[in-house]
2 protein chains.
Amino acid sequence: MRKLPSLNALRAFEAAGRHGRMTLAAQELHVTHSAISRQVQHLEQLLGVALFEGPKNALRLTEAGNRLMLGLTPAFDQLDLAVRSVADTQDGTLDVSCPGTFTMRWLIPRLYRFRQAHPDIEVRLTASSKPVDSVRDSFDVAIRAGTAPWPAELEVTPLFDEQIGPVAAPALAASVIEDIASVPLLHSRTRRHAWADWSRRAGRDADDATGNEYEHFYFMLEAASAGLGVCIAPWPMVADDLRAGILTAPLGFIASGQQYVALRHSRQHRKSSLFCDWLAGEAKAFGLPPGETQ
Amino acid sequence: MRKLPSLNALRAFEAAGRHGRMTLAAQELHVTHSAISRQVQHLEQLLGVALFEGPKNALRLTEAGNRLMLGLTPAFDQLDLAVRSVADTQDGTLDVSCPGTFTMRWLIPRLYRFRQAHPDIEVRLTASSKPVDSVRDSFDVAIRAGTAPWPAELEVTPLFDEQIGPVAAPALAASVIEDIASVPLLHSRTRRHAWADWSRRAGRDADDATGNEYEHFYFMLEAASAGLGVCIAPWPMVADDLRAGILTAPLGFIASGQQYVALRHSRQHRKSSLFCDWLAGEAKAFGLPPGETQ
DNA sequence: ACGCAATGTTCGGAAAACGCACATGAGAAA
DNA sequence: TTTCTCATGTGCGTTTTCCGAACATTGCGT
């Protein structure tokens with residue numbers, strides 16, 4: 001049978017023992033030092049032992065105080081963990097898993113608007129493109145490009161269909177239109193079949209990629225912006241560069257057959273819901289590629 | 001940074017979840033069911049999730065409730081352990097380490113008086129005669145016979161000097177007085193030199209023990225009581241038998257040079273202090289052997 | 001000696017926690 | 001179907017806990 005003294009007093013003592021100063025504990029717990037002082041004294045009275053010793057301006061834990069700290073700190077940590085695992089409030093952290101380039105090219109440039117709308121929510125981003133494991137992965141929301149079916153236990157928020165097309169620096173636009181084969185066809189290691197896929201969907205002869213291979217999609221895009229060639233890119237990834245005139249899409253965009261979606265646990269989690277709703281809104285406002293035909 | 005809700009509400013929920021009934025949780029925590037009900041509801045509001053579901057008379061934990069319980073129960077157990085490890089109050093358990101025969105012959109016959117005086121203290125006895133290791137041994141109080149110096153970090157309460165002398169059944173008293181060598185000199189394995197020590201201190205010729213050897217002092221005493229011989233015994237161990245006429249000490253008692261003491265940690269532990277004070281009182285009331293000359 | 005920082009103490013007020021009385025709902029028994 | 005019992009829920013007033021503010025005390029550094 002447990003016999004616990006005032007939990008509030010235990011919490012105050014633990015904070016004071018951890019900080020070594022009652023004023024710091026008071027700051028952590030958002031009370032005055034005198035409240036901490038009284039709680040610690042109250043606990044000493046309840047337990048019948050001194051927990052601090054030494055002069056006022058240089059308090060030290062007693063041996064009993066040290067021993068109590070050994071148990072209290074992990075116990076309160078565990079309470080905190082337990083509470084965090086179920087709390088569903090409108091503040092706190094939100095873990096978002098997202099492909100790296102999408103994070104950099106689309107999400108991060110827009111995330112400030114979510115922070116403005118929900119300043120109490122701290123969004124933590126993790127780069128990942130791998131298939132979602134709803135049991136093992138510890139995300140709140142995962143953004144992915146792919147095709148249905150999505151894991152049945154997750155709630156799916158569609159963002160936009162993926163549109164792909166050749167993009168290059170504006171100086172290469174005429175060459176691309178006249179004879180695309182005259183321009184180096186850049187590709188990335190992660191999407192080696194990008195050109196073949198695009199050709200098939202665009203109804204063109206299968207073109208092999210003749211230009212350099214880049215380890216990351218982001219590097220390939222930078223090469224294209226620098227005029228080193230033309231590459232196949234999804235519309236969301238290059239939309240801002242197109243609008244800025246850094247890149248151009250001489251042959252337009254076509255659907256790739258994949259879709260961007262946000263996935264979250266079906267359990268009603270307010271922060272996840274808020275985030276997915278916000279994503280959907282941003283995707284809608286994002287619009288379609290210029291001259292999109294299908 | 002921890003962010004903990006009302007600890008009181010967490011405690012109420014944990015008890016309700018463990019018992020599966022709010023009324024039982026109320027009993028455990030010595031409040032009414034309505035207090036538990038309100039605390040659980042308050043916690044549900046703070047966390048933003050339901051923790052119980054189902055009809056009033058058959059509440060079940062929700063999935064979130066179950067998950068919270070997984071963390072809360074061990075955390076509260078740890079808080080309890082931590083508090084118990086330092087609490088020094090006037091109730092609870094007291095661990096006493098004591099030589100086995102002293103336990104049986106002196107302490108146990110008197111312990112009921114300590115229990116009467118302090119019904120909230122549960123005394124746990126451990127038999128041991130080995131030298132006290134103040135760091136490794138987990139006793140609150142240790143009773144030992146020996147000589148100074150005692151370990152410096154322990155507080156010493158003297159109980160009585162050890163007085164030893166030959167004891168036998170009353171039927172053998174005359175023989176012992178007339179010619180002690182005519183009676184079997186019993187000894188125990190643990191004190192093989194008892195007769196030689198006594199002889200030297202009594203100013204007699206060194207007598208070798210000629211009687212049976214007994215593995216335990218207690219067995220040897222039983223043999224003496226049964227008239228099988230005479231043995232050397234400390235006064236406290238045989239005082240009650242002498243008073244009852246079961247044994248007699250024809251040649252009286254002399255100091256053995258050893259002392260019985262109670263040892264406890266210098267730290268102010270109330271139960272230990274209470275116990276040592278009581279021991280000292282009982283030792284004083286115990287008195288000296290009859291006809292004690294030195 | 002003085003100033004500063006840290007804790008300790010007292011008092012009154014605010015907030016949390018509580019008991020009590022009554023309400024509600026579900027299941028069992030008549 | 002009705003009634004009873006048991007368990008939780010709700011509202012109100014009371015009690016207890018907790019707190020801030022103001023002041024006191026102590027030790028250290030200048």
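Each value in this text was obtained by applying a stated rule to the coordinates, not by laboratory testing. Keep in mind that this is a model prediction, so the values were computed, not measured. Every residue, glycine among them, receives a Cβ derived from its backbone with ideal geometry; neighbour counts consider all protein chains shown.
Applying 1/(1 + (r/R0)^6) with R0 = 25 Å to the Cβ-Cβ distance of A:R270 and A:A148, what FRET efficiency is obtained, to the nearest 0.05?
Result of the calculation: an efficiency of 0.45.
As I understand it, the dipole of the protein assembly as shown uses +1 on the Cβ of Lys and Arg and -1 on the Cβ of Asp and Glu, about the Cα centre. Which of A:G229, A:P250, B:L172 lies farthest toward its positive end?
Working it through, the farthest residue towards the positive pole turns out to be A:P250.
How far apart, in nanometres, would the label points at A:E53 and A:T93 be if each is projected 7 angstrom from Cα along the Cα-to-Cβ direction?
My value for the distance between the label points is 3.9 nm.
Report the charge-dipole magnitude of region A:163-255 in Debye, nearest 20, computed about the Cα centre from +1 at each Lys and Arg Cβ and -1 at each Asp and Glu Cβ.
Roughly 240 debye for region A:163-255.
So the label point sits 7 Å from Cα along the Cα-to-Cβ vector; using that for A:G245, what distances do you get to the other copies, in nanometres, sorted shortest first?
12.6
Shortest first and in nm with one decimal, please list how far the B:R115 label point sits from its counterparts in the other copies (point 7 Å along Cα→Cβ).
6.9
Run the quick spin-label model on B:L288 and B:N212: label points 7 Å from Cα toward the beta carbon, then report their separation in nm to one decimal.
3.6
Determine the relative contact order of chain A: mean sequence separation of Cα pairs under 8 Å and six or more apart, normalised by residue count, in whole percent.
Relative contact order for chain A comes out at 20 percent.
Run lengths n ≥ 4 of DSSP H only: what is the helix-derived mean residue ellipticity at 222 nm for the protein assembly as shown, with -39500 (n - 2.57) per run over all residues, to the nearest 500?
-13000 deg cm²/dmol
Starting at 0 and stepping by 10 Å, how many percent of the alpha carbon pairs of region A:141-268 end up in each bin?
13, 41, 29, 13, 4, 0
What fraction of the DSSP beta bridges in chain A is antiparallel, stated in percent and rounded to the nearest 5?
Taking every DSSP beta bridge within chain A, about 65 percent pair in antiparallel fashion.
Could you please state, rounded to a whole Å, how far the C-alpha centre of region B:1-73 is from the C-alpha centre of region B:140-203?
Here the two parts' Cα centres lie 63 Å apart.
Using unit Cβ charges (K, R positive; D, E negative) and no other charged atoms, how large, in debye to the nearest 20, is the dipole of the protein assembly as shown about its Cα centre?
Charge dipole of the protein assembly as shown: 1140 debye, to the nearest 20.
How high is the relative contact order of region A:163-255, given as a whole-number percent (alpha carbon pairs under 8 Å, six or more residues apart)?
Once normalised by length, the contact order is 49 percent.
Note down the nm distance, to one decimal, between modelled labels 7 Å out along Cα→Cβ at A:R124 and at A:A226.
3.6
Based on Cβ point charges of +1 for Lys and Arg and -1 for Asp and Glu, what charge dipole magnitude is obtained for region A:7-86 about its Cα centre, in debye rounded to the nearest 20?
Dipole of region A:7-86, to the nearest 20 debye: 140 debye.
Relative to the other copies, what are the label-point distances for B:K56, with labels 7 Å from Cα along the C-beta vector, expressed in nm at one decimal and sorted shortest first?
Sorted ascending, the copy-to-copy spacings read 5.5 nm.
In degrees from 0 to 90, rounded to the nearest 10, what is the angle of the helix B:63-86 Cα long axis to the longest principal axis of chain B?
Orientation of helix B:63-86: about 30 degrees from the principal axis.
Can you tell me the 0 to 90 degree angle between the C-alpha axis of helix B:270-286 and the longest principal axis of chain B, rounded to 10?
Rounded to the nearest ten degrees, it is 20.
Taking +1 at the Cβ of each Lys and Arg and -1 at the Cβ of each Asp and Glu, which of A:L59, A:V49, A:L29 sits farthest along the dipole of chain A towards its positive end, judged by Cα position relative to the Cα centre?
A:V49
Considering the options B:H265, B:A87, A:T103, tell which one lies farthest towards the positive end of the dipole of the protein assembly as shown, charges being +1 on Lys and Arg and -1 on Asp and Glu at the Cβ, about the Cα centre.
B:A87
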